[in-house]
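Student: Can you keep this structure in mind? I'll have questions shortly.
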Amino acid sequence: MLIVNNLSKTFNMHVGAEKTITCLDSVNLSVEPGQVVALIGPSGSGKSSLLKCIYGTYLTTVGNIYYTDANGSEHDLANIDLQTMRHLRTREFGYVSQFFHVIPRIAAVDVLSQPLINRGWSSNDSAKRAKELLSKVGIPESLWNMYPSTFSGGEKQRLNIIYGIITMPRLVLLDEPTASLDPVSKRNVLDLIIELKEQGSMILGAFHDYEAMRVIADKSYHVVTKNLELVA
Amino acid sequence: MNENDYNFAFLDEGSKREIRRAIIKAITIPGCQIPFGSRELPIGRGWGTGGLQITLSIIGPDDILKVIDQGNDDSVNAISIKKFVSRCTGVEQTTDTQKATIIQSRHRIPEEKLGENHVLVLQVPNPEPLRSVERSVLKARQMHGDTEYSAAWLLLYEQIVRYGKITMGAGYPVLVDGRYVMAPSPIPRYDTLGLDDADCLYLFGAGREKMIYAVPPHTSVVPLDFDDFPFELENVEERVCRICGAENVYFDEIFDSETGERHYQCSDSGFCAKNAAAKQI
Amino acid sequence: MDQIMKVNELSVVYGKGCDYCRDSNNPLEKNRCPHCMAVCAVRDISLELYDSEILGVVGESGSGKTTLMKALYFDIIPTKGSAYLAAYNNGETDIFSVSSQQQRAIRNNLLGMVYQNPVMGLLMNYSSGGNVAQKLIAAGHRNVAAMQERTAQLLDHMEIPLNRVKEPPRNFSGGMQQRVQISKAIANNPPVLLLDEVTTGLDLSVQAKVLDLIRMVQKQLNISVIVVSHDLAVIRMLSDRTVVMLDGQIVEHGFTDQILEDPQHWFTQTLVHSLI
């Protein structure tokens, strides 16, 4: 289970003028295993920020993020030590960011293999699985040994997604996974997400795309003035 | 020169005492370089002043002195040193290794085995075996202190990489008493073996560099080498001394430019003379 | 998740020091004590390094990051503080308290260091193979053939061609010299690798190559690495976790992505906003 409890996030800017910006205010949500939960709202409404707070990229200012790990232990991700978080990030979390964080100068198939190798998979098996997923999202074989920096926007996005989910994480955080994808690719990606869901992962996604969201989400929250409203 | 103008053995007693203290310390720490205040002598630096200061500090009226230069009693340097010591001590001199009590030598150890009553004093140009790898005197001393000798092996390793074998000729680095790496002065590899478990006392003096070190009797002295590149002697097979007929000794090579022939004769002239005399009887 | 190294309250002070500057809560003028004029290059730094991770240390000139590295490699003696290595006596002995002979042994066997200036880490007149071999010799190896094979392997891994193994680093470009240093540093498979501004001053493409090789080597050997750089881009590329240093102190510490996207301290924010 993932439970976000009364979470607020404020930025204290010291550069330029001293300024405080609040992007989330007393937010609550929950995600169960095997559930896809959608966050819907306009750009800049705080969807990404919430995902980042959960992943630890942003430091939560107030509130708790309760997460039960594979061993059944409960953690508060808002107040957790770095080594435990590192372990969870490697072993249990997957994060698909909105922007294309491609690792330069490594072939696509090797980029994808790395998270599996980190988990103890052999390089052969990792490469095999990476290629399976690359096919699934329709990235042509000719690109598999190329540097991702040479890919198109849509190809990079698909690569990003696979990178985030290739280890079948227990908790998946998706930031606009279907933005900039053509309909075929979109369908492929949604299929992958459904596959994850069926394996029991908890999936929390920020979606611009109502269509896509409606296909796969079990539950959705609207982001309204830095808070969330559960949509029935 | 009036002998009365100078102290016995030229140096004043205070100097001799300081040098002796350095020698005693050197003996108690085999192979370790001990700094000393190197005195002015009528011989310039680079001509054996280190060895000479040791000799002058330990010599007594009953000693018998032999001086050789690359094995030869008759070279100019050996004669000069002998004359000098003789004038300020009146001590008996000899070319007979067995008869001598103190033997001062440049770059060679006598052929005949030395015994308990012998002190061999070697003249040393460069006492620091790590000098070519580590230029800083301070850092080299720290390395000796920490038994950090990778640089000494590196020297030999590099030769193997470049030339296919260890090319270190004279002055082959050795490990003394399992602790200090020492530069045994530029004696040929052949002589290096004579240092190990010897009956005599070896003293090394570097006047210009102001260091004294020692190998006391029955100390282990092992040349540095590698498992797959062991220490090798110079090749002296099929060489025979043209004067006395000796084999398996260290030779001087003499090239006759008129006939184009190479001849060999014993480097140790005293030994050669003895050997030749014995054979004629 | 094992702790590989722990540093406790490490300080390096040049000068007498006084009660004022000894208290790390008291502000200094940059890193100089206004009372006794001592320069507190490193002030009470504590940090940990875990299994198979890359820790970035970022800061500007004068932040103390290079001084910190040098102290950890025994190049300079710290004024106070302690450090523990899991591989040395199970992490129970402070490595600053043991004899210099022991410290040499730790340095030769358990640590690897790559200096910003290759002259500090290499013998410029000895072959590059010989330079790497020296580290092996220091760890007790005495078989030339085996050492030659291993050094060739290490250098090859750093993409230095076989026909240049006998050449001295003096003949190499900057990037190549750094690769020789890296080969030497990892020769004995140390658990900890220290990298001090290793790509500073190199051309961009060369920089990229060296960084890629470092990443590859770290993944293959599972070494824990401390990377020091003033360049956040380098830190971003290599490190999982980052520590930000200013005037000898750590002002912020966290995951690299957090440091870059949600910097808390004003100095970290300045650094991040300075990224080109």
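Student: In nm, what is the difference between 0.36 nm times the number of residues separating C:GLU29 and C:GLN220 and their Cα-Cα distance?
Tutor: 64.4 nm
Student: Per DSSP H run of n ≥ 4, the term is -39500 (n - 2.57); total these for the protein assembly as shown, divide by its residue number, and report the mean residue ellipticity at 222 nm rounded to 500 deg cm²/dmol.
Tutor: -10000 deg cm²/dmol
Student: With N residues in the range B:55-118, what two-decimal value do you get for its Cα radius of gyration over 2.2 N^0.38 Å?
Tutor: Computed over Cα atoms of the range B:55-118, the ratio equals 1.01.
Student: OK, next. Once you have the alpha carbon radius of gyration of the protein assembly as shown, what is it after dividing by 2.2 N^0.38 Å, with N set to its residue count?
Tutor: Normalised by 2.2 N^0.38 Å, the Cα Rg of the protein assembly as shown equals 1.32.
Student: In addition: Starting from the amide H of C:ARG241, placed 1.01 Å from N in the peptide plane, find each other amide H under 5 Å away whose residue is 5 or more places distant or on another chain.
Tutor: It is C:ILE54, C:GLY56, C:THR256, by chain and number.
Student: Additional query: Kindly provide log₁₀ I(q)/I(0) values, in the same order as q = 0.28 Å⁻¹, from the Debye equation applied to equal alpha-carbon scatterers of the range B:235-281.
Tutor: Scattering profile of the range B:235-281, log10 relative to I(0): -0.99.
Student: Using the beta-carbon distance between C:ASP156 and B:ILE79 and R0 = 56 Å, what value does 1/(1 + (r/R0)^6) give for FRET efficiency, to the nearest 0.05?
Tutor: 0.40
Student: Stokes-Einstein diffusion coefficient for chain C at 10 °C in a medium of 1.306 mPa s, Rh from the Kirkwood formula over Cα pairs: what value in µm²/s?
Tutor: 82 µm²/s
Student: At 7 Å along Cα-to-Cβ for each site, give me the label-to-label distance between B:ARG242 and B:ASP196 in nm.
Tutor: Calculated label separation equals 3.4 nm.
Student: Measuring from the lowest to the highest alpha carbon on each principal axis, how far does chain A reach, largest first, in angstroms?
Tutor: 48, 42, 36
Student: Consider just the alpha-carbon atoms of the range B:3-223 and return their Rg together with their Dmax, both in angstrom.
Tutor: 17.1, 59
Student: Okay, moving on. Rounded to the nearest 0.05, what FRET efficiency do B:ARG262 and C:LYS166 give with R0 = 45 Å and r taken as the Cβ-Cβ distance? Could you check?
Tutor: 0.85
Student: Tell me, what ³J(HN,Hα) does each residue in the range C:213-219 have, in order and in whole Hz, if you take phi through Karplus 6.51 cos²θ - 1.76 cosθ + 1.60 with θ = phi - 60° and put x for Gly and Pro?
Tutor: Coupling constants for the range C:213-219: 5, 4, 4, 4, 4, 5, 5 Hz.
Student: Given 0.36 nm per residue, what is the gain on full extension from A:VAL15 to A:ASP69 after removing their alpha carbon distance, in nm?
Tutor: So the extension gain works out to 15.7 nm.
Student: Over the range C:14-147, what relative contact order in percent results from Cα pairs under 8 Å that are six or more residues apart?
Tutor: Worked out over the range C:14-147, it gives 12 percent.
Student: Over all residues in B:157-169, what is the mean tally of Cβ atoms on other chains that come within 10 Å of each residue's Cβ?
Tutor: The per-residue average across the peptide is 4.
Student: Cα centroids of the range A:113-160 and the range C:109-166: how far apart, whole angstrom?
Tutor: Here the answer is 36 Å between Cα centres.
Student: Turning to a different aspect of this structure: Report the calculated FRET efficiency for B:GLN159 and B:ARG208 (r = Cβ-Cβ distance, R0 = 35 Å), to the nearest 0.05.
Tutor: The calculated FRET efficiency here is 0.85.
Student: Per 0.36 nm of contour for each residue apart, how much would the distance between C:THR93 and C:CYS18 grow if the chain were fully extended, relative to their Cα-Cα spacing?
Tutor: Net length gain for the segment: 24.2 nm.
Student: While we're on this one: Simple spin-label model, 7 Å along Cα-to-Cβ: B:TYR6 to C:SER61 in nm?
Tutor: The modelled label-to-label distance comes out at 6.1 nm.
Student: If you don't mind, there's one more thing I want to ask. Taking every DSSP beta bridge that has both residues in the range B:3-223, what percent is antiparallel when rounded to the nearest 5?
Tutor: 50 percent
Read the figures in this text as sums done on the coordinates, not as results from a lab. Note that this is a predicted model, so its numbers are computed, not measured. Because the Cβ atoms are built from the backbone with ideal geometry, glycine has one as well, and the counts that use them run over all protein chains shown.
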